[in-house]
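Questions regarding the structure given below will be posed in turn.
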Amino acid sequence: DPNVRRFDEATGELLEDAELLYGWGLRAVASGTAAEALVFPAGADVTGRVLQLPASSLPPGSYAITLTLSKPSAGLATATETLYVELVAGSVPVIAIQTLAALKFSPTWSTNSDRVALTTSLDVASLALQAAGLVAFAYEWKAFVRIAGADMLADLDLGDTNAVTTTGLGGPNLAFRSGALTAGVLYRFALTVTGSSQPAFGAVMVQMNRAPWGGGLSISPTSGFALVTAFELRASGWTDDVDDLPLRYGFEFARDLVTRVVTLADLQFLPALGVTLAEGESGFAFVRVLDAYGAETLVRTPLVVGPPPVLSCDDMVQLLEEAELAVLL
């Protein structure tokens, strides 16, 4: 029996039977007529164990594919088996996904230009069929999260147009509401288009940015006098993903958490600032830490700024010179 697998008695390894021959045949089958022998498309291995045909290499129709198995050296009769295949005409829509507006997205935004929005379109031929009423395409989006290289179904109700999306899940485009997506998560949004003989699939990866983390704001000294004491504000320990660097720092001051913030220094790459303050009362110092994509973390530290002491003119000049020197250093 040529189908019996034989093993080497000494090693236990499977013995490949090189004398077993395979031959594949192809015929076109038409009702009421004799089967017509055909030549396989170029590149098909007609003597191998497995027969593979390139996509679209055969036109629609009925075919008989026959396998002939023989072993001349054993004097066995040939064995044949035929598989009948019906190929039907059909077209698969081609989905084009518009290039994303950014490499990373913030999970919250205030303008539509910063939102996560996916825009797709179908090929011209498919749209023409739809316009002629010959096909009606249906769309369905699904969301996945990439965890340790594997895609898991995301806990997102894409059909919720109140809290998650503005488009729903049944259209060619998918747009999200601010705050619906999670910082630091890598999403895969998959689109399935049905309506033709075969469904079409498309997918896009969206990386959500996360704000800088791990740092704080220190002040030295923690209390002093208005217009006299030179305070050093230092943002230390901040980090972010490598491709989110460099970080920028903005320093601010406010008398309380309601009063309008006073900018001490616009965004800068240096994480420290020397400054004297005019407010003669307690308040808060703030630092805004932004990464290259604009994700921001804001922290604050209490700061006591007392009224200026009553000093002589000479003492005041000396203190101001010392404060100016400290700021320059």
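The values are calculated or read from the model by the stated rules, or taken from the named source; none is laboratory data. If you're wondering where the values come from, they're calculated on a predicted model, not measured in any experiment. All Cβ positions, glycine included, derive from the backbone under ideal geometry; neighbour counts span all protein chains shown. Keep in mind that these areas ignore ligands, DNA and RNA; they rest on the heavy atoms of the full protein, side chains included. Shrake-Rupley method; radii C 1.70, N 1.55, O 1.52, S 1.80 Å.
May I ask you to list the chymotrypsin sites (Phe, Trp or Tyr not before Pro) in segment 186-290 that are in a DSSP loop and have at most 15 other Cβ atoms within 10 Å of their Cβ? If you can, show how the numbers build up before the last one.
Values: sites: TYR187, PHE189, PHE201, TRP213, PHE225, PHE231, TRP238, TYR249, PHE251, PHE253, PHE269, PHE284, PHE286; in loops: TRP238, PHE269.
Taking segment 186-290 and a limit of 15 other Cβ atoms within 10 Å, the loop chymotrypsin sites (Phe, Trp or Tyr not before Pro) found are PHE269.
Once you compute Rg and the Kirkwood Rh from C-alpha atoms, what is the Rg to Rh ratio for segment 55-123?
Values: Rg = 26.8 Å, Rh = 18.3 Å.
Computed over Cα atoms, the ratio is 1.46.
Shifting gears a bit: Evaluate 2.2 N^0.38 Å with N set to the residue count of segment 238-318, then give the Cα radius of gyration divided by it.
Numbers: Rg = 16.0 Å, N = 81, 2.2 N^0.38 = 11.7 Å.
My calculation over the Cα atoms of segment 238-318 gives 1.37.
Can I ask one more? Stokes-Einstein at 4 °C, 1.567 mPa s, Kirkwood radius from Cα pairs: D for segment 139-186 in µm² s⁻¹?
Details: Rh = 11.3 Å.
Taking Rh from Cα pairs, D becomes 114 µm²/s.
OK, next. Starting from 0 in steps of 20 Å, tell me what percent of the Cα-Cα pairs of the chain lands in each bin.
Values per bin, smallest distances first: 20, 28, 25, 15, 9, 2, 0.
Looking at segment 89-131, I'd like the Rg to Rh ratio, where Rg is from alpha-carbon atoms and Rh is Kirkwood's inverse mean 1/r. Don't jump to the answer; show the numbers that get you there.
On the way: Rg = 15.3 Å, Rh = 12.8 Å.
Using Cα coordinates only, the ratio equals 1.19.
What does the accessible area per residue of the chain come to in Å², with a 1.4 Å probe and no ligands, DNA or RNA counted? Walk me through the numbers before you get to the answer.
On the way: 19600 Å² over 329 residues.
Ligands and nucleic acids excluded, the figure is 60 Å² per residue.
Suppose R0 equals 35 Å. What FRET efficiency, 1/(1 + (r/R0)^6) with r the Cβ-Cβ distance, do VAL50 and VAL204 give to the nearest 0.05?
Values: r = 34 Å, r/R0 = 0.97.
Plugging the Cβ-Cβ distance into 1/(1 + (r/R0)^6) gives 0.55.
Considering the dipole of the chain built from charges on the beta carbon (Lys and Arg +1, Asp and Glu -1) around the Cα centre, which of TYR293, GLY48, TRP238 is farthest to its positive end?
Result: GLY48.
Ok, one more. At 1.4 Å probe size, with the rest of the protein present, what percent of the exposed accessible area of segment 185-329 is carbon and sulfur atoms? Intermediate results must be reported in sequence, preceding the final value.
Working: 4430 of 7740 Å².
Carbon plus sulfur share of accessible area: 57 percent.
With N denoting the number of residues in segment 68-201, provide Rg(C-alpha) divided by 2.2 N^0.38 Å, to two decimal places. It would help to have the intermediate numbers written out before the result.
Details: Rg = 22.9 Å, N = 134, 2.2 N^0.38 = 14.1 Å.
Expressed relative to 2.2 N^0.38 Å, the Cα Rg reads 1.62.
Compare the Cα positions of LEU122, LEU186, ASN173 along the charge dipole of segment 71-211 (+1 at Cβ of Lys, Arg; -1 at Cβ of Asp, Glu; about the Cα centre) and return the one farthest towards the positive end.
Checking the options against the dipole of segment 71-211, the answer is LEU186.
What distance in nm separates the simple spin-label points at VAL85 and ALA102, each placed 7 Å from Cα in the Cβ direction?
4.9 nm
Bin by bin, in steps of 5 Å, what percent of the Cα pairs in segment 152-237 do you find, going until the bin that has the longest distance?
Answer for segment 152-237: a P(r) of 3, 10, 14, 15, 11, 7, 6, 6, 6, 6, 6, 4, 2, 1, 1, 0 percent.
Ok, one more. Compute, for the chain, the length of the dipole vector about the Cα centre, with Cβ point charges of +1 (Lys, Arg) and -1 (Asp, Glu) only. Units Debye, rounded to 20.
940 debye
What trypsin sites (Lys or Arg not before Pro) does segment 40-135 have in DSSP loop regions with at most 13 other beta carbons within 10 Å? Walk me through the intermediate numbers first.
On the way: sites: ARG49, LYS104, ARG115; in loops: ARG49, ARG115.
Here the trypsin sites (Lys or Arg not before Pro) that fit, given the DSSP loop and packing criteria, are ARG49.
Using a 1.4 Å probe over the heavy atoms of the protein chains, calculate the carbon and sulfur portion of the accessible area of segment 85-166 as a whole percent.
Details: 2850 of 5110 Å².
Answer for segment 85-166: carbon and sulfur cover 56 percent of the accessible area.
Using the scaling law 2.2 N^0.38 Å as the reference, what is the normalised Cα Rg of segment 191-261? Walk me through the numbers before you get to the answer.
Details: Rg = 23.9 Å, N = 71, 2.2 N^0.38 = 11.1 Å.
For segment 191-261, the normalised Cα radius of gyration comes out at 2.15.
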